[in-house]
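Following: one structure in structure tokens, then a few remarks.
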Amino acid sequence: MREFQVGVVGATGMVGQRFITLLEGHPWFHLKVLAASARSAGKTYEEAVGSRWAMSAPMPESVKSMRVLDAEKDIDEITHQVDFVFCAVNMKKDEIKALEEAYAKRECPVISNNSAHRGVADVPMIVPEINPEHAAVIEAQRARLGTKRGFVAVKSNCSLQSYVPAIHPLMDFGVTKVLACTYQAISGAGKTFETFPDIVDNVIPFIGGEEEKSEQEPLKIWGKVEGGEIVNAEGPSITTQCLRVPVSDGHTAAVFVSFAKKPTVEEIKARWAAFAGEPQELDLPSAPKQFLHYFEESDRPQAKLDRNLENGMAVSIGRLREDTQYDYKFVCLSHNTLRGAAGGAVLMAELLAAKGYLD
């Protein structure tokens, strides 16, 4: 695989910081450009971030002195230097949509962590192990945008990436309905305990827009490419509740599932153990060797113990048992800024690179 020159747009935020740590030493992707808002533009990256560096690892020396460009005003300079960009900006949805399309129309593919384009029918929303075939819709999007290389591809909401991967290998048993209650880490809001004191000794039972995303986005992931667009799946019926909890990293989900043809506990565990997707087959650099891990211990998975499993790119599952209202219930966990955000986007970029969409 050849090397690609890469930019991070929205580099000073928490997800942008995570992108920077993941790209350090990446075998395919070389970080060339950092971009952010006008208030950071012109500063060195170290000056722009200041005391807001939120990663446990220190800021890489390679980026400290890099000059931050203006994500909007310097778009021509940025797109001339890179093969594609990762985007994780904090702007209004219509502004994000316009910005990402502006990059794409300059023949610069955009791998987006934002939600602005998730509902667009010809924009693939890829969880690499689940729906890599959705990349085929990129050609229809390019025709709409009038581009040869440029396109936008998005990753899904971070909360559903804990439980949708666990349900996916069971879909041929006829999943009819799903209830998922998610307990979401504060890093999902771009916060730390220092910047979010209200969360200490507290649970907040509302995260704006999260439940709608968690109920609708899986249907796009499980949809099909038809006539140059992604047609959402008609089911299963999904209902969710999303709560913010005092955890630094790691989204946990309590999941309840019913089936048209109820499998046995042994069949479910066997499906989870055997499941692999194209990232594993292609041995992509960021892919976990074992995507789904089942814990037999009654008190696992735990965010503090298990969120970093396989460099934070695996999904942990536990407590599978029969339920009185649904057929089964279980608990899932994923690292929200790795598998759920920047790491998932890097893996998607690796998949698209392997398939030739970034050439």
Legend entry - Selected residue (only one of Ala273, Ala342 is assigned to a helix (DSSP H, G or I), open to solvent by 60 Å² or more (accessible area, probe 1.4 Å) and among the aliphatic types (A, V, I, L, M)): Ala273
Legend entry - Residue list for region 1-60, filter: in contact with a Lys or Arg (Cβ under 8 Å, 6 or more places away or on another chain), open to solvent by 50 Å² or more (accessible area, probe 1.4 Å) and within 25 Å of Asn311 (Cβ to Cβ): Gln5
Inset, instruction - Determine, yes or no, whether Ala38 is modelled with pLDDT of 95 or more, over 21 Å from the mean Cα position of the chain (by Cα), assigned to a helix (DSSP H, G or I) and not β-branched (Val, Ile, Thr). - result: no
Inset, instruction - State all residues of region 278-304 that are under 24 Å from Phe4 (Cα atoms), of a type outside the set (Ser, Thr, Tyr) and surrounded by 14 or more Cβ atoms within 10 Å (Cβ to Cβ); if no residue qualifies, say none. - result: Glu278, Pro279, Gln280, Leu282, Leu284, Pro285, Ala287, Pro288
Inset, instruction - Please work out which residue is farthest from the chain's Cα centre (by Cα), limiting yourself to region 142-159 and to residues that are touching a residue at least 60 places away in the same chain (Cβ under 8 Å) and crowded, with 21+ Cβ neighbours inside 10 Å. - result: Phe151
Inset, instruction - Looking only at region 91-104, decide whether some residue is modelled with pLDDT of 95 or more, farther than 30 Å from Lys148 by Cβ and touching a Ser or Thr at 6+ places or on another chain (Cβ under 7 Å). - result: no
Inset, instruction - Report the residue count in region 305-321 for those that are open to solvent by 20 Å² or more (accessible area, probe 1.4 Å), touching a residue at least 12 places away in the same chain (Cβ under 8 Å) and not in a strand (DSSP E or B). - result: 5
Inset, instruction - Check region 171-194 and report whether any residue there is open to solvent by 10 Å² or more (accessible area, probe 1.4 Å), without any contact (Cβ under 8 Å) to a residue 40 or more places away in the chain and β-branched (Val, Ile, Thr). - result: no
Inset, instruction - Write out, first by first residue and then by second, each pair whose Cβ atoms fall under 6 Å of each other, whose residues are 6+ apart or on separate chains, and whose first residue, in region 31-56, is of a type in the set (Ser, Thr, Tyr) while the second is at pLDDT 95 or above and in a loop (DSSP other than H, G, I, E, B). - result: Ser40/Thr12; Thr44/Ser65; Tyr45/Met66
Inset, instruction - Determine the pairs where a residue that is touching a residue at least 12 places away in the same chain (Cβ under 8 Å) and of a type outside the set (D, E, K, R), located within region 75-91, has a partner that is open to solvent by 20 Å² or more (accessible area, probe 1.4 Å) and in a helix (DSSP H, G or I) with Cβ atoms under 7 Å apart, the partner being 6 or more residues away or on another chain. - result: Ile75/Ala102; Ala88/Val15
Legend entry - Positions within region 258-311 being within 24 Å of Ile126 (Cβ to Cβ) and among the hydroxyl-bearing types (Ser, Thr, Tyr), in sequence order: Ser286
Inset, instruction - Would you check if Glu212 is at pLDDT 95 or above, of a type in the set (Asp, Glu) and surrounded by fewer than 19 Cβ atoms within 10 Å (Cβ to Cβ)? - result: yes
Inset, instruction - Within region 219-233, work out how many residues are touching a strand residue (DSSP E or B) at 6+ places or on another chain (Cβ under 6 Å) and crowded, with 18+ Cβ neighbours inside 10 Å. - result: 2
Inset, instruction - Give the residues of region 177-217 that are touching a His at 6+ places or on another chain (Cβ under 8 Å) and of a type in the set (S, T, N, Q), sorted by residue number. - result: Thr182, Gln184
Inset, instruction - Output the residue which, of all residues in region 70-90 that are surrounded by fewer than 18 Cβ atoms within 10 Å (Cβ to Cβ) and of a type in the set (S, T, N, Q), is modelled with the lowest pLDDT. - result: Asn90
Legend entry - Odd one out for Lys32 among (1) within 24 Å of Ser248 (Cα to Cα); (2) part of a strand (DSSP E or B); (3) not small (Gly, Ala, Ser): (1)
Legend entry - Odd one out for Gln81, checked against (1) touching a Phe, Trp or Tyr at 6+ places or on another chain (Cβ under 8 Å); (2) over 22 Å from Gly190 (Cβ atoms): (1)
Legend entry - The one condition in (1) free of Cβ contacts under 8 Å to residues at least 60 places away in the same chain; (2) more than 23 Å from Arg339 (Cβ to Cβ); (3) surrounded by 17 or more Cβ atoms within 10 Å (Cβ to Cβ) that Arg67 fails to fulfil: (3)
Inset, instruction - Would you check if Val200 is among the aliphatic types (A, V, I, L, M), surrounded by fewer than 12 Cβ atoms within 10 Å (Cβ to Cβ) and out of contact with any helix residue (DSSP H, G or I) (no Cβ under 7 Å at 6 or more places or on another chain)? - result: yes
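The values are calculated or read from the model by the stated rules, or taken from the named source; none is laboratory data. These numbers come from a predicted model, not from an experiment. Using ideal geometry, Cβ is built from the backbone for each residue, glycine included, and neighbour counts are taken over all protein chains shown. Just the protein is used for accessible areas: all its heavy atoms, side chains included, with ligands, DNA and RNA removed. Shrake-Rupley method; radii C 1.70, N 1.55, O 1.52, S 1.80 Å.
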